[in-house]
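Below is one structure, written out as structure tokens; the observations come after it.
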Amino acid sequence: MDLMPHDDPDQIRERFRLYIRENSDAIGRSLPLFFAHVVSALEEGDERLPDPDYNFFLDGIACEVFRNSSRINDPAFDYELGAILAEHKRNGGRGVLDLVSGLHSIRRGMYHKAIPLLKKYRYIDPLIGSAIAYCYIQAGRMETDHLQSDPLLSAREQLMAMSEHRPPLVPHPLLDEEEADLLSSLFWDVYEQAREWFPHDEWFPEIALCKAGEDGDNRRYDSVLTEAISSFPDDIRFLRRAFQGALERESLESAAVILQRMIRVMPDGMEPAYYGLKLATITGKAEIFYRFRKQAIIRGIPLYLIHLIEYIFEILRRNQEGAVETRKRFSVLYPRIGYIMDLFTYLEEDIFSGDPIRQKRGLQALLPIVDRFAISVLKIGEE
């Protein structure tokens, strides 16, 4: 295949992909020679790839070879491909090839083969960990002799271990669309089983909300959140998500109801006081705003954050004179963080420009900046 001496890694990767798809049988007969050619192409570049990028590149090539091979179902081919990949990677190992091969085994119903391929990730990746539990569950349903092993017990142990370790979601950029969809569907299948087995464990709906949020699956997100709030009515993490969702839907009455519950859960907390200020700022009701302002001071919210929210309150009330005065006072009182107001000065010009498009653009940029700043200051969500 033709490679230019100054091709970047993305161009090299794409040319290899095309070559693999057109020459998969020939590659399968000479895997060592092919990978030597891949490594040579990488090392001939102008710059040496860092180890993570280099290994990621080789993982991607190996997965592409696996997917396109006529010997995909041959364990000997899988073993040989993994051994050659590990030989050429700078940190060794089969890497993502284990995941791709494991998902292929699951698709074929070969659950006992998939488990050892995926097992190294059993505690550090909730999607792969769920896929392992799925394999145990399916193996348990097919098991006729429970004297030697109990796959359903292994599935429970796998889920309990994940709940104990609480791994965050991680990306899987080397999976193709079909593989990613399978991994996702396995997660949701196992999630339903986990809720049945462990109804009092809040980690499962929490990670499910993260997954639905990343996928942009609003229907599933709302369903999981509704069920979570019903099961864990005093869990601030679910109330926080419900409050934010109500604001995004512009359902201010629902947000107010959720806020009252948050206050009951955290009567002395800064977080509900901040949300009260936020809600009052959006509604523009001065009486409610100053009531929550008083609560914010009592609860210990830093004065600079309260003054910053006062500025936003004036902005949303379209009180340009009050906003300018508040901004200038803030810069005098808090010179070390005056850079925040430097940014808002530009947005302020858009908001009070009289141009509807500029106004909308300015407001859309303003509120998230303040919210992120407040969340950082108050350490919201760092349970």
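The values are calculated or read from the model by the stated rules, or taken from the named source; none is laboratory data. Bear in mind the structure is a predicted one, so any value in this text is a computation, not a measurement. Cβ placement follows ideal geometry from the backbone for every residue including glycine, while neighbour counts extend to all protein chains displayed. Ligands, DNA and RNA are excluded from the accessible area calculation, which covers all protein heavy atoms including side chains. Shrake-Rupley method; radii C 1.70, N 1.55, O 1.52, S 1.80 Å.
Computed in the context of the full set of protein chains, the accessible area of the chain at 1.4 Å probe radius has 51% of its extent on carbon or sulfur. Our coupling estimate for region 8-13, obtained by passing each phi through the Karplus curve with A = 6.51, B = -1.76, C = 1.60 and θ = phi - 60°, is 7, x, 5, 5, 5, 4 Hz, Gly and Pro reported as x.
Assign one of three labels to region 63-168, namely rounded, prolate or oblate, based on the Cα gyration tensor with a ≥ b ≥ c the square roots of its eigenvalues; rounded applies when a/c is under 1.5, prolate when it is not and a/b is larger than b/c, and oblate otherwise.
Judged from the Cα gyration tensor, region 63-168 comes out oblate (a/c at least 1.5, b/c at or above a/b).
Relative to the dominant Cα principal axis of the chain, helix 339-351 is inclined by about 80°. Computed over region 265-383, the percent of Cα pairs more than 24 Å apart is 23.
The computed Rg/Rh (Cα atoms, Kirkwood Rh) for the structure shown corresponds, within (1) 0.96; (2) 1.09; (3) 1.06, to (2).
Nearest 10 degrees, 0 to 90: what angle lies between the long axis of helix 218-231 and the longest principal axis of the chain (Cα atoms)? Helix 218-231 sits at roughly 70 degrees to that axis. Comparing 185, 364, 289 along the charge dipole axis of the chain, the residue lying farthest to the positive side is 289, per the Cβ-charge model. Residue-wise HN-Hα couplings along region 206-211, as the Karplus relation 6.51 cos²θ - 1.76 cosθ + 1.60 with θ = phi - 60° gives them from phi, are 5, 6, 5, 5, 4, 5 Hz; Gly and Pro carry x. Spatial offset of region 21-84 relative to region 163-180 amounts to 22 Å, using the alpha carbon center of each. Computed over the Cα atoms of region 157-252, pair by distinct pair, the Kirkwood hydrodynamic radius stands at 14.4 angstrom. With the Cα gyration tensor of region 145-211 giving a ≥ b ≥ c as the square roots of its eigenvalues, does the rule (a/c under 1.5 for rounded; else a/b larger than b/c for prolate; else oblate) give rounded, prolate or oblate? Oblate shape, in that a/c is at least 1.5 and b/c is the bigger or equal ratio.
Within a straight-line Cα-Cα reach of under 23 Å, residue 278 can be paired with the following lysines, leaving aside sequence neighbours fewer than 8 residues apart in one chain: 294, 328, 360, 379.
Note on region 5-97: Cα Rg divided by 2.2 N^0.38 Å, N the number of residues, gives 1.01.
For region 77-230, the spread of Cα positions along the three principal axes, ordered from largest to smallest, is 52, 41, 26 Å.
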